[in-house]
Structures are given as C-alpha cells and as structure tokens.
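Heads up: the structure comes next, in structure tokens.
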Amino acid sequence: MKTIGVVGCGLMGSGIAQVCAQSGYKTMIVEVSDELLKKGIDGIHRGVQKGIDKGKLTADQAKQIAANLQGTTKLEDVDECDLVVEAVIENVDEKKRIFTELDRITRPEALLATNTSSVCVIELAAVTERPDRVLGLHFFNPVPVMKLVEVVRTIATSDETIAQGREFVASLGKQPITCPDTTAFVVNKLLVPYLLDAVRMLEQGQVTREDIDKSMQLGCGYPMGPLTLLDFVGIDTTYYIANIMFDEFKNPRYAAPPLMKRMVLAGHLGKKVGRGFYDYSK
C-alpha cells in the first residue's frame with residue numbers, strides 16, 4: 001500500500017490521517033466542506049507541533065507529514081487509493097451511503113475499512129460488490145498515542161484482507177488484534193459495562209464521583225477513573241454505544257443508566273463542552 005484515503009476529518013479521522021502521513025503514506029482526507037476540512041487539517045498540524053515540542057518528532061518529519069497530506073471535499077478523489085478508511089459519524093445509513101459510493105469509485109482490489117466502534121461491519125460490506133475486501137480498523141483516541149487497533153473480520157472478509165489490514169496497522173507502529181464482527185468488538189465489550197457500573201454507583205448515591213475515580217486509579221492503577229474517562233470519551237458517545245449494545249444483546253449490563261440519558265438531554269456531554277461529571281469551564 002502506498003496511498004490511503006480517510007473519509008472524515010473529525011477527532012478520529014484527523015488522528016488516523018496524521019499517523020498515516022507520519023508513516024510515509026500519501027494520505028487523501030475527505031470532508032464535506034472546506035470549513036470542516038481546514039479545521040481537521042489545522043488539528044493535525046497542532047498535533048504534529050505537540051510532537052515536536054515533546055521531542056517525539058523533528059521539524060523535518062513535520063515537513064514530510066505536511067507533504068504527504070492532501071485534502072478534498074470530493075469523495076471521487078480517493079479513486080486511486082489502495083485503502084480507504086471511513087471515519088464519519090456513527091450513523092449506519094450515512095456509512096452505508098459512503099460505502100456504496102466508495103465501492104463505485106475505487107479500484108476493485110482496493111480495501112475498504114470502517115473505524116466504527118459499534119456498527120455491524122458486515123452491514124456496510126453488504127452494500128458493496130467486494131465484501132471480501134471490507135474490514136473494520138477500529139483505532140482508539142487519541143490515535144497518535146494509542147497503540148491498539150482492532151482489526152475486525154466479518155463472515156465475508158478474506159484471509160488476505162485481514163493479513164493486509166494487520167500489516168498496514170503494524171506499519172503505523174500500532175499493535176493489531178483480530179476481532180470478530182460482533183457489536184463492540186473486544187475493548188468496548190469489556191469497557192462499557194465497567195463505565196456504566198460507575199454511573200449506576202454514583203446515581204444510587206453510594207459514593208462520591210471523586211472517590212469512584214480515586215478507587216480505580218489508586219486501587220487498580222488505572223491512569224484515570226471511569227467518570228473522568230467518560231468525560232473525555234464523551235457521555236453522548238458512550239450512551240450511544242451502550243444503546244446499540246443493549247439492542248444487540250438484550251443484556252442488562254449494557255443498559256445505559258437513566259442519569260446518562262438526562263445528562264445527554266441537558267447537553268452535559270463531557271470535556272468537549274466544558275461540563276460532564278466534572279466542570280471544565282475554567
């Protein structure tokens with residue numbers, strides 16, 4: 001692989017584009033508007049500058065990353081890419097529309113991947129004429145820092161596609177694990193019930209938010225407590241994933257507590273808006 005397409009330049013898409021360009025791939029970023037494209041690319045440049053400030057990147061590497069990046073608002077511009085990674089909003093209809101278009105636009109041998117954390121990958125593969133060339137590549141936030149990528153195999157994905165996906169992930173300096181195409185894959189299937197239990201404990205007034213977080217940090221060595229982590233991930237994001245998991249498995253462990261619903265309705269979504277379980281306005 002030499003050329004990578006990334007559809008969506010939000011938090012995840014910009015991170016994926018950055019690590020691709022940083023690893024020497026010519027990277028084409030697609031966004032729906034010039035404004036969003038500029039915002040995403042500016043975010044990449046800020047991330048690269050942080051790497052320079054921390055001594056993890058050199059100025060020459062930063063120049064090479066910038067040279068490897070190209071932006072567009074036309075999906076057709078990924079037609080020559082060897083791999084296209086979709087990283088748009090977690091809306092299955094929008095993702096299916098994009099995969100239908102990518103299947104028409106790209107070369108038959110190109111790989112099509114989704115960064116979804118919750119959508120059934122075979123549902124996206126089914127709208128293409130190449131389900132054997134479709135897989136999940138689930139990166140974690142922040143992408144330039146987190147080492148794990150879940151390589152998701154559907155019942156139609158070929159062994160060759162999985163091998164190519166794992167090789168690509170390793171070339172980014174990441175560690176791939178192969179997962180079946182079941183809702184939430186591996187990490188979220190373990191993580192989400194833990195986060196929901198922390199919310200239930202707070203909701204029931206058993207212990208303060210500070211003590212919940214402190215318990216997991218000092219008692220289990222976690223870098224941050226579950227409520228702080230929810231604020232960083234986005235309470236709305238976890239609420240959405242939990243609802244999808246509950247719909248799929250009908251397991252009470254995956255049912256979002258009422259407190260989360262009320263926080264989402266109130267707009268208390270976490271650090272990105274300045275207020276979640278904690279106040280970030282200052």
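List of remarks:
- Net length gained if the chain between S215 and R104 were fully extended (0.36 nm per residue, minus Cα distance): 34.8 nm
- Region 54-124 shape via C-alpha gyration tensor axes, a/c threshold 1.5: prolate
- Label sites at Q49 and K2, each approximated as a point 7 angstrom past Cα along Cα to Cβ, lie 3.3 nm apart.
- Degrees, to the nearest 10: 209-220 long Cα axis against longest axis of the chain: 70
- Per-residue [θ]222 nm for the chain (sum of -39500 (n - 2.57) over DSSP H runs n ≥ 4, rounded to 500): -15000 deg cm²/dmol
- With 0.36 nm allotted per residue and the present C-alpha distance subtracted, the A255-E203 stretch has 17.3 nm of extension available.
- FRET E, pair E35, K74, Förster distance 22 Å, beta-carbon r, rounded to 0.05: 0.90
- Here the Debye sum runs over all C-alpha atoms of region 109-184 as equal scatterers in vacuum, and log10 of I(q)/I(0) at q = 0.15 Å⁻¹ comes out as -0.44.
- FRET efficiency for K147 and D60, using Cβ-Cβ distance with R0 set to 25 Å, rounded to 0.05: 0.55
- Amide H partners (placed H, <5 Å) of R275, local residues excluded: L269, G270, Y280
- Around the Cα centre of region 198-282, unit charges on the Cβ atoms of Lys, Arg, Asp and Glu (plus for the first two, minus for the last two) sum to a dipole of about 120 debye.
- Note on the chain: Kirkwood radius taken over Cα pairs, Stokes-Einstein applied at 20 °C and 1.002 mPa s, translational D equal to 109 µm² s⁻¹.
- Proximal charge balance of C120 [Cβ under 9 Å; K/R count +1, D/E count -1]: -3
- Between Y280 and M224, the simple spin-label model (points 7 angstrom out along Cα→Cβ) gives 0.7 nm.
- Derived scalar couplings ³J(HN,Hα) [region 112-123; Karplus, 6.51 cos²θ - 1.76 cosθ + 1.60; whole Hz; x for Gly, Pro]: 10, 10, 10, 8, 4, 9, 8, 6, 5, 5, 5, 5
- Less than 5 angstrom separates the built amide H of E86 from those of V7, A113, T114, N115, all sequence-distant by 5 or more or on a different chain.
- Among the trypsin sites (Lys or Arg not before Pro) within region 223-268, those in coil by DSSP and having at most 15 neighbouring Cβ atoms inside 10 Å are K250.
- Sorted fewest first by neighbouring Cβ atoms within 10 angstrom, C81, C120 come out as C120, C81.
- Counting only alpha carbon atoms, the long axis of helix 59-68 and the longest principal axis of the chain meet at about 70°.
- Cα-based reach from K261 at 13 Å (exclusive), listing aspartates and glutamates while leaving out same-chain residues under 8 positions away: E203, D236
- Between Y194 and E160, the simple label model (points 7 Å from Cα in the Cβ direction) yields a spacing of 3.9 nm.
- Restricting region 1-48 to trypsin sites (Lys or Arg not before Pro) in coil, as DSSP defines it, with at most 15 other Cβ within 10 Å: K2
FYI, it's all coordinate maths here, none of it is from the lab. In this text, all values refer to a predicted model and were calculated from it rather than measured experimentally. Virtual Cβ from ideal backbone geometry, glycine too; neighbours counted across all protein chains shown.
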